[in-house]
Amino acid sequence: MKTLPKSFAVSIFVILALTTGAVIAQKGISLVRRINFAKGRTTSVQKGSIRRGVSHDYLLKASSGQSMTVHLAASGGVCFDLFTPGQSNILAECSKDWSGELPQSGDYRINVLPDTTTERNISYTLEVTVR
C-alpha cells in the first residue's frame, strides 16, 4: 500500500485550518474573523463568547494616519491585544480600551482573549471605530 508524503498531509491540514476559520495557536485555538465596515459607517460592533483555550482574532484594514478606537465590554476576565500590520508592534496589551493614530497601513489584528483561569464561557462586545 502506498503512503502519502508528509508534505501532502501537512498541506491538507493547513488548507482545512484556513477554510474553517480556525488557527491552532501555541496554547489553544484562535478563531479569525475579518471586520468590514458597512458602507458609510466608521464603527463596527462584534459580539462573541469566549472560553479558556480559545481566542478570537479580528482583522481590519486601515491606513496610516487614521484614528482608531477599540472598546471591549465583558462580564468577566476578557481583554484584547492590538497588533500593527505584520505584528511588528503591539499597540495595546491586555486592554479594555485603546485609541490612537495608526502608524502604518495594512491589516491590524485585535486578539480578544480570556483570563487563563476561567472555566466558563464569557460573553463580550467589541466596538471598533476607524476614521
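Every number here is computed from the coordinates shown, using simple stated rules; none is lab data. Predicted model, so just to flag it, every value in this text is computed and none were measured. When we count neighbours, we look across all protein chains shown, and the Cβ atoms used for this are built from the backbone with ideal geometry, even at glycine.
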Antiparallel content of DSSP bridges confined to the range 27-130, in %, to 5
85
Bin all alpha-carbon pair distances of the range 27-130 at 5 Å intervals from 0 and give each bin's fraction as a whole percent.
3, 13, 25, 27, 18, 10, 4, 1, 0
Can you give me the Cα centroid spacing of the range 40-79 and the range 86-124 in angstrom?
7
For every other residue with a beta carbon closer than 12 angstrom to the beta carbon of residue 96, add +1 if it is Lys or Arg and -1 if Asp or Glu, then tell me the sum.
-4
